[in-house]
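Down below is the structure, laid out as C-alpha cells.
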Ligand code: BTN
C-alpha cells in the first residue's frame with residue numbers, strides 16, 4: 001500500500017538519534033523562523049518533558065517522540081483544540097493500522113487498558129496576545145516492556161506492544177514507528193485544516209467519540225479550590241464542562257483533573 005502523505009506537516013523532518021527534548025529543539029528553530037509543519041523526531045530523549053513540569057521518560061527506539069511546529073489561526077483561548085486534534089489523530093491511526101481502540105482522557109492523555117500510552121504537550125509562544133507559534137509534542141509508547149518504565153509508573157503506563165502481547169496478537173502485526181508517524185501526521189493535517197477554517201466543532205465531536213472522561217466523576221482544581229462533580233461535556237474550544245456536586249457548572253481550561261477509576 002502506498003502511504004498517503006501530508007503536504008505541510010512533515011515536509012521538513014529533522015531527526016536526532018538522541019536529543020534533550022524534541023519540544024525544546026522545535027521551540028528553538030521556531031523562534032529562528034522555521035517553516036510551519038517542521039517535524040522534529042528522536043529515538044531517545046535525555047530530558048523529555050511532560051505537562052506541569054513532569055518528566056517524560058523514554059527508551060532508545062521504543063517509542064514515538066516527535067514535535068510539530070504549527071502556526072494556527074486561533075486565539076489563545078482555543079489552544080486546547082490542538083491537543084484534542086492530536087489525540088484524535090493518534091487514536092484513529094492506532095485503530096486503523098493496528099486495530100487497537102484507545103481512549104482520550106482530558107486534557108492530554110491517551111489511555112489503553114486503563115493506563116497511559118501517550119501524552120501530548122502543547123506549548124505556545126505568544127506575541128502581543130496573539131499566538132506566534134505552537135509546538136505540539138507527542139510521546140507514544142510503542143515497544144516498551146513493563147520494566148522500561150520507572151517504578152512509580154509501572155501501574156500507570158503501558159505500551160502498544162505490552163497490550164498486544166497480553167492479547168497474543170504481536171506475531172500477527174509488526175508495528176513500524178515510521179508508518180505510525182506518517183499516518184498520524186496525515187490525519188493531523190486533515191484536522192488542522194478544519195481548525196484553520198474555524199471548524200473546531202468537528203474536532204470536539206470526534207474527541208467525544210473516543211472520550212473516557214465524559215460521564216465520569218472528576219476532581220478539578222479551579223483557582224486553587226477543589227471541586228468534585230461529573231464531566232458532562234467539552235466546549236467547542238475544548239474546555240471541560242463539569243457539573244459540580246454543589247450544583248454549579250464549571251468550565252475548566254486546563255490545569256489538573258483527576259478522573260476517578262483511571
Ligand atoms: C504529558 O503527558 O504530560 C505530555 C508528554 C509529552 C511527551 C512528548 S515526547 C516528544 C515531546 N518532547 C518532549 O520533551 N515532550 C513531548
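The values are calculated or read from the model by the stated rules, or taken from the named source; none is laboratory data. Nothing here was measured: the structure is a model prediction, and the numbers come from that model. Heads up, the Cβs are rebuilt from the backbone with ideal geometry, glycines too, and the neighbour counts pull from every protein chain shown.
Checking residue 104 against (1) modelled with pLDDT of 95 or more; (2) within 25 Å of residue 16 (Cα to Cα); (3) within 14 Å of the ligand (Cβ to nearest atom), which single condition isn't satisfied? Only one criterion in (1) modelled with pLDDT of 95 or more; (2) within 25 Å of residue 16 (Cα to Cα); (3) within 14 Å of the ligand (Cβ to nearest atom) is unmet by residue 104, namely (2).
Within the range 25-41, being more than 10 Å from the ligand (Cβ to nearest atom) and part of a strand (DSSP E or B) holds for one residue alone: 39.
Applying the criterion of being surrounded by fewer than 19 Cβ atoms within 10 Å (Cβ to Cβ) and in a helix (DSSP H, G or I) to the residues of the range 42-57, the residue that is nearest to the ligand (Cβ to nearest atom) is 52.
Of the residues in the range 144-168, how many are assigned to a helix (DSSP H, G or I), touching a helix residue (DSSP H, G or I) at 6+ places or on another chain (Cβ under 7 Å) and surrounded by fewer than 19 Cβ atoms within 10 Å (Cβ to Cβ)?
Narrowing the range 144-168 to residues assigned to a helix (DSSP H, G or I): 146-148, 151-153, 160-166.
Cutting the leftovers down to touching a helix residue (DSSP H, G or I) at 6+ places or on another chain (Cβ under 7 Å) gives us 146, 160, 162.
Pick out the ones that are also surrounded by fewer than 19 Cβ atoms within 10 Å (Cβ to Cβ) and you get 146.
Number satisfying all stated conditions: 1.
Taken over the range 3-24, residues that are within 9 Å of the ligand (Cβ to nearest atom) and either in contact (Cβ under 8 Å) with a residue 60 or more places away in the chain or within 18 Å of the chain's Cα centre (by Cα) (or both) amount to 4.
Looking at residue 163, is it farther than 30 Å from residue 259 by Cα and either modelled with pLDDT of 95 or more or in contact with a strand residue (DSSP E or B) (Cβ under 8 Å, 6 or more places away or on another chain) (or both)? Here the answer is no, as residue 163 does not meet what is asked.
If you go through the range 108-152 and keep only what is within 21 Å of residue 44 (Cβ to Cβ), touching a residue at least 12 places away in the same chain (Cβ under 8 Å) and more than 11 Å from the ligand (Cβ to nearest atom), you end up with 142, 143, 144, 145, 146, 148, 149, 150. Counting only residues that are closer than 23 Å to residue 195 by Cα and at pLDDT below 90, the range 211-236 holds 0 of them.
What number of residues in the range 65-97 are surrounded by fewer than 21 Cβ atoms within 10 Å (Cβ to Cβ), farther than 20 Å from residue 193 by Cβ and either in contact with a helix residue (DSSP H, G or I) (Cβ under 7 Å, 6 or more places away or on another chain) or free of Cβ contacts under 8 Å to residues at least 12 places away in the same chain (or both)? Within the range 65-97, residues that are surrounded by fewer than 21 Cβ atoms within 10 Å (Cβ to Cβ), farther than 20 Å from residue 193 by Cβ and either in contact with a helix residue (DSSP H, G or I) (Cβ under 7 Å, 6 or more places away or on another chain) or free of Cβ contacts under 8 Å to residues at least 12 places away in the same chain (or both) number 2.
Has the range 202-219 got at least one residue that is farther than 21 Å from residue 241 by Cβ, out of contact with any helix residue (DSSP H, G or I) (no Cβ under 9 Å at 6 or more places or on another chain) and away from the ligand (no atom under 16 Å from the Cβ)? Step through it out loud before you land on a result.
Of the residues in the range 202-219, the ones farther than 21 Å from residue 241 by Cβ are none.
Checked the range 202-219: no residue is farther than 21 Å from residue 241 by Cβ, out of contact with any helix residue (DSSP H, G or I) (no Cβ under 9 Å at 6 or more places or on another chain) and away from the ligand (no atom under 16 Å from the Cβ).
Filter the range 68-95 for residues that are under 25 Å from residue 212 (Cα atoms) and touching a strand residue (DSSP E or B) at 6+ places or on another chain (Cβ under 7 Å) and give the result.
79, 82, 83, 86, 87, 90, 91
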